[in-house]
Amino acid sequence: MGDSLMSIILMSLFPLILMGILVAAMFYWYQYVYRRHQLNRKWESSIKMRKPKAGGLDCSDACAIMVDDDGSDSSSTHANNLNHNTEPLPIELDLLVGKGRFAQVYKAKLKQTSSDQFETVAVKIFPFEEYASWKNEKDIFSNTDLRHENILHFLTAEERKEEKQYWLITAFHPRGNLQEYLTRHVISWEELQTLSSSLANGVAHLHSDWLACGRPKVPIVHRDLKSSNILVKNDMTCCICDFGLALCLDSNLSVDDLANSGQVGTARYMAPEVLEARLNLENIESFKQTDIYSMALVLWEITSRCKIIGEVKDYEPAFGSKVREHPCVESMKDNVLRDRERPEIPDSWLRHQGILVICTTIKECWDHDPEARLTAHCVAERLSEIEDEPEKLSSRSSSAEKIREELNGPITMEIPEEEVKINEIQNIIDVDCSVSDKQ
Ligand code: ADE
């Protein structure tokens with residue numbers, strides 16, 4: 001009697017146990033197989049959609065399709081996350097392309113699950129000890145509001161426990177970083193416009209507290225902007241990378257949190273108030289103002305390699321000849337604080353009306369007084385006006401002369417007398433940034 005009761009109970013429980021096992025197996029399958037397949041498919045399809053464009057495949061192009069016209073995210077599932085699969089993505093490292101303070105960057109092949117094909121990606125590898133830097137960059141990248149054509153496109157992050165490494169997988173840009181690019185190339189006026197306005201657009205997006213669609217966004221500051229942290233895409237636009245020191249300026253941050261974030265960045269590109277460790281922690285705008293100073297130095301570097309300025313010297317970073325290769329904070333203090341030095345803008349550069357606008361903008365961005373600096377939004381607006389309305393710059397004007405004098409003092413330069421027309425240069429420079437920026 002007891003035995004038959006037991007077997008009846010077991011028989012009736014059997015389907016339930018079987019169901020349980022089936023559900024667990026399906027859950028496992030979803031988590032570890034389906035999601036991985038999804039991730040690969042998303043990456044593949046994003047690349048395929050851009051393939052009609054001539055030229056080789058550049059994963060940079062994949063970024064664009066992940067973003068709607070208004071800059072908001074168009075996809076429902078976000079690759080911007082930690083890869084939760086137990087199995088890492090099928091990636092084969094190819095070539096070391098960059099070495100930073102915390103990590104190394106490799107060109108790599110991401111194999112497609114459905115075929116023998118692969119896509120080129122960049123893999124940033126952090127050693128075990130640099131967990132904090134990997135975590136910060138992963139967290140910043142995982143915020144889908146960061147997506148923008150001028151911000152490096154992030155695919156996923158992985159903890160490679162066996163290798164004791166942490167990985168970030170992103171788009172790969174064969175032209176490399178801006179510093180390398182400027183070292184190897186003299187650029188045209190059009191390329192200067194594209195590089196500089198896209199850089200300003202990227203910083204403006206980072207700093208903005210609104211998305212183009214009107215939804216609020218948490219502003220982010222980069223805190224280590226420099227030409228080696230900016231990549232050049234195939235269309236000669238920039239995208240900003242290396243968010244290891246970036247900071248999300250969310251409203252929950254206390255003054256203590258901000259104070260603890262310390263003096264960070266690269267000494268050469270540090271704003272005077274960072275060098276002095278006298279940042280106004282009461283106001284989050286002060287963090288943005290330090291990025292603007294660094295961006296001005298990068299804009300100067302880009303301008304210095306443009307053939308339109310006249311004689312183009314070999315690439316030198318800002319303060320190139322004044323300090324050694326990796327200057328310390330103390331030597332930058334001597335230059336930037338004690339001597340109030342800034343990179344030179346020779347008069348000969350200012351013969352071109354567009355360069356005049358760019359140099360005026362640069363000067364306003366590296367002002368000693370952080371409050372006097374332009375916002376990224378204002379810089380982006382000004383630079384896009386030069387791009388959109390080049391005819392405005394086609395003739396010389398007396399206002400241009402006035403600006404030239406304000407920049408470098410009176411000069412004895414041959415300027416044709418027949419100049420008439422427009423005050424447009426003044427108008428571009430006078431773009432009222434006070435309302436649009438202090439949003
Ligand atoms: N150097 C650093 N990151 C890179 C990337 N994503 N593509 C190309 N070169 C890089």
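The values are calculated or read from the model by the stated rules, or taken from the named source; none is laboratory data. Computed from a prediction, not measured in an experiment: that's the story for all the values here. Neighbour counts are summed over all protein chains in view; Cβ atoms, including those assigned to glycine, are modelled from backbone coordinates with ideal geometry.
Some observations on this one:
- Residues satisfying the stated conditions in segment 276-319, i.e. farther than 25 Å from Ser208 by Cα and under 23 Å from the mean Cα position of the chain (by Cα): Thr303, Ser304, Arg305, Cys306, Tyr315, Glu316, Pro317, Ala318, Phe319
- Residue list for segment 125-148, restricted to those being within 16 Å of the ligand (Cβ to nearest atom) and more than 15 Å from the chain's Cα centre (by Cα): Ile125, Phe126, Glu130, Ser133, Trp134
- Residue within segment 234-249 that is closer than 30 Å to Glu191 by Cβ, polar (S, T, N, Q), touching a residue at least 60 places away in the same chain (Cβ under 8 Å) and touching a Pro at 6+ places or on another chain (Cβ under 9 Å) present: yes
- Test set (1) at pLDDT 95 or above; (2) closer than 24 Å to Phe172 by Cβ - Leu299 fails condition number: (2)
- Test result for Ala246, surrounded by 15 or more Cβ atoms within 10 Å (Cβ to Cβ), more than 28 Å from Glu325 (Cα to Cα) and among the small types (Gly, Ala, Ser): no
- Residue count for segment 219-276, restricted to those that are outside any loop (DSSP other than H, G, I, E, B) and within 16 Å of the ligand (Cβ to nearest atom): 9
- Filtering segment 166-217 to residues that are within 16 Å of the ligand (Cβ to nearest atom) and out of contact with any strand residue (DSSP E or B) (no Cβ under 6 Å at 6 or more places or on another chain) leaves Ala171, Pro174, Gly176, Gln179, Glu180, Leu182, Thr183, Arg184, His185.
- Filtering segment 329-338 to residues that are over 16 Å from Ser294 (Cα atoms) and not basic (Lys, Arg) leaves Glu330, Ser331, Asp334.
- Residues in segment 126-153 that are in a helix (DSSP H, G or I) and small (Gly, Ala, Ser): Ala132, Ser133.
One line per residue, one yes/no per condition, for (1) assigned to a loop (DSSP other than H, G, I, E, B); (2) within 17 Å of His207 (Cβ to Cβ); (3) touching a residue at least 24 places away in the same chain (Cβ under 8 Å); (4) not small (Gly, Ala, Ser):
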{"position": "Asn283", "(1), (2), (3), (4)": "yes, yes, no, yes"}
{"position": "Thr290", "(1), (2), (3), (4)": "no, yes, yes, yes"}
{"position": "Val298", "(1), (2), (3), (4)": "no, yes, yes, yes"}
{"position": "Glu301", "(1), (2), (3), (4)": "no, no, yes, yes"}
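- Some residue of segment 82-96 being within 16 Å of the ligand (Cβ to nearest atom), in contact with a helix residue (DSSP H, G or I) (Cβ under 7 Å, 6 or more places away or on another chain) and either assigned to a loop (DSSP other than H, G, I, E, B) or not charged (D, E, K, R) (or both): no
- Condition broken by Asp235, with the remaining ones in (1) modelled with pLDDT of 95 or more; (2) surrounded by 19 or more Cβ atoms within 10 Å (Cβ to Cβ); (3) over 19 Å from Trp134 (Cβ atoms) satisfied: (2)
- Counting the residues of segment 102-124 that are more than 10 Å from the ligand (Cβ to nearest atom) and closer than 14 Å to Asp242 by Cβ gives 1.
- The numbered conditions (1) part of a helix (DSSP H, G or I); (2) crowded, with 21+ Cβ neighbours inside 10 Å are all true for Glu371 except (2).
- Among residues of segment 170-191 that are touching a residue at least 24 places away in the same chain (Cβ under 8 Å) and within 20 Å of Trp300 (Cβ to Cβ), those with a Cβ under 7 angstrom from a residue that is basic (Lys, Arg) and within 14 Å of the ligand (Cβ to nearest atom), sequence gap 6+ or separate chain, pair up as Tyr181/Arg175.
- Residues satisfying the stated conditions in segment 307-341, i.e. in contact (Cβ under 8 Å) with a residue 60 or more places away in the chain and within 23 Å of Gln263 (Cβ to Cβ): Pro317, Pro327, Cys328, Val329, Ser331, Met332, Val336, Leu337
- Residue check for Phe287: surrounded by 14 or more Cβ atoms within 10 Å (Cβ to Cβ) and under 24 Å from Leu192 (Cβ atoms): no
- Put simply, of Asp291, Asp334 the only residue that is touching a strand residue (DSSP E or B) at 6+ places or on another chain (Cβ under 9 Å) and under 19 Å from Asp369 (Cα atoms) is Asp291.
- Here segment 96-116 is the region considered, the condition is being exposed (fewer than 11 other Cβ atoms within 10 Å of the Cβ) and more than 17 Å from Asn229 (Cβ to Cβ), and the residue that is modelled with the lowest pLDDT is Ser114.
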